[in-house]
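> Dropping a structure here in structure tokens format, bear with me for questions.
Just so you know, all these numbers are worked out from the coordinates, no wet-lab data involved. Because the structure is a prediction, the values reported are computed rather than measured. For neighbour counting, all protein chains shown are included, and Cβ atoms are generated from backbone atoms with ideal geometry for every residue, glycine included.
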Amino acid sequence: MEANTKALPQVVSEDEWRTAREKLLVKEKELTRALDALAAERRRLPMVRIDAAKYAFEGPDGDASLQDLFDGRRQLIVYHFMMAPGSAPCRGCSSFVDNISHLAHLNARDTTFVLVSPAPLSQIEPYKERMGWTVPWFSSNGDDFNNDCGAGRGFGLSVFLRDGDSVFRTYYTSARGVDRIRADFNFLDLTPYGRQEEWEDSPEGWPQTPPYTWWRLHDEYPS
């Protein structure tokens, strides 16, 4: 749909706006409570033991085991960044990582966050430097880590728990499950025009484009 620069929300009085806002707030609170209940259920999921010895990674400090990725903490979140050997990096994954800020807050709760890709480290490091990222990024080149986690050649997010030398897998999500935790998408969802993609239920005339086509690496957008 071609963008209509004159498409605007209805203009109402302050009292009318407040009434409409409070009506929506009731639904937002219901959703918040539902998300809290879902998180509580997620915390009660069973876990499965991982044969950590079958996986080998390479990071900026050399070879690493799955236990090493925890960096001494009990919980580990792995983002499976879609970058195969010799392939271009995924723009969607790149914008996801752009949304990750300082990891100290996760670390304070005994949790480590890392990126893992099948591409070799020689391919990862130059791109990481170009993007200006400080998130730890490891190569799983040559093993089945991504496949075993369910990400395959795509992207996803896995959560692990360590108990001594034993590693357990507790959670995995992909697609819209990863979408939901992106700050930029959540911010855009608060705006009148939203993400401005055709799949969204928006009023007639709202600016919209096909999904994904507007995505760029952060240094490729027009200045």
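> So, counting K/R as plus one and D/E as minus one, what does the shell of residues with Cβ under 14 Å around Trp199 add up to?
Details: positive: Arg176, Arg195; negative: Asp179, Asp189, Glu197, Glu198, Glu200, Asp201.
Overall, the nearby charge balance is -4.
> Using amide H atoms built 1.01 Å from N in the peptide plane, name the residues 5+ places from Ile50, or on other chains, whose amide H lies under 5 Å from its own.
Under 5 Å from the amide H of Ile50 lie the amide H atoms of Val167, Phe168, Arg169, each far enough along the sequence or on another chain.
> Still on this model: Evaluate the charge dipole of segment 80-139 about its Cα centre and quote only its size in Debye, nearest 20, assuming +1 on the Cβ of each Lys and Arg and -1 on the Cβ of each Asp and Glu. Can you show the working numbers first?
Values: 4 positive and 4 negative charges, 19 e Å.
Using only the charged Cβ atoms, the result is roughly 100 debye.
> Check the chain for me: any Cys whose beta-carbon has no other cysteine beta-carbon within less than 4.7 Å?
Cys149
> Still on this structure: Compute the distance from the alpha-carbon center of segment 160-177 to that of segment 55-119, in whole Å.
Taking the Cα centre of segment 55-119 as reference, the centre of segment 160-177 is 13 Å away.
> Please report, in whole Å³, the volume per residue of the convex hull around the C-alpha atoms of segment 48-177.
Details: hull volume 13.7 nm³, N = 130.
In segment 48-177, the Cα convex hull volume per residue is 105 Å³.
> When Thr173, Thr213 are ordered from fewest to most other Cβ atoms inside 10 Å of their Cβ, what list results? Show your work: numbers first, answer last.
Values: Thr173 16, Thr213 9.
Exposure proxy ranking, most exposed first: Thr213, Thr173.
> Which order results if Glu58, Glu14 are arranged by neighbouring Cβ count within 10 Å, fewest first? The partial results should precede the final answer.
Working: Glu58 17, Glu14 7.
By the 10 Å Cβ count, ascending: Glu14, Glu58.
> Per-residue counts of other Cβ atoms within 10 Å, averaged by peptide: what ranking do you get for 32-45, 98-111, highest first?
On the way: 32-45: 9.7, 98-111: 12.3.
The packing order, highest mean first, is 98-111, 32-45.
> Let me ask something else. If the reach is capped at under 27 angstrom between alpha carbons, list the lysines near Lys128, excluding any in the same chain fewer than eight residues apart.
Correct list for Lys128: Lys54.
> Starting from the Cα-Cα distance between Lys29 and Glu129, subtract it from 0.36 nm times their residue separation and give me the gain in nm to one decimal. Before the final figure, lay out the partial values.
On the way: separation 100, 0.36 × 100 = 36.00 nm, distance 4.11 nm.
Full-extension gain reported as 31.9 nm.
> When only C-alpha pairs under 8 Å and at least 6 residues apart count, what is the relative contact order of segment 48-177, in percent?
Numbers: 232 pairs, mean separation 43.4, N = 130.
Relative contact order of segment 48-177: 33 percent.
> Still on this model: What order do you get for Phe138, Phe168, Phe70 when you list them from fewest to most C-beta neighbours inside 10 Å?
Details: Phe138 23, Phe168 15, Phe70 19.
So the residues, fewest neighbours to most, are Phe168, Phe70, Phe138.
> Pull up all non-local amide H partners of Phe113: gap of 5 or more, or a different chain, and H-to-H distance under 5 Å with H placed in the peptide plane.
Ile77
> Given the alpha-carbon gyration tensor of the chain, what are the semi-axes of its equivalent ellipsoid in whole angstrom, ordered largest first, with each equal to the square root of 5 times an eigenvalue?
On the way: eigenvalues 275, 109, 41 Å².
One finds semi-axes of 37, 23, 14 Å for the chain.
> Same structure again: Which residue, Leu31, Ala64, Tyr79, has the largest displacement toward the positive end of the dipole of segment 5-91 when charges sit on each Cβ (Lys, Arg +1; Asp, Glu -1)?
Among Leu31, Ala64, Tyr79, the one farthest towards the positive end of the dipole of segment 5-91 is Leu31.
> At a Cα cut-off below 15 Å, give the aspartates and glutamates reachable from Lys6, other chains included and same-chain residues fewer than 8 away excluded.
Glu204
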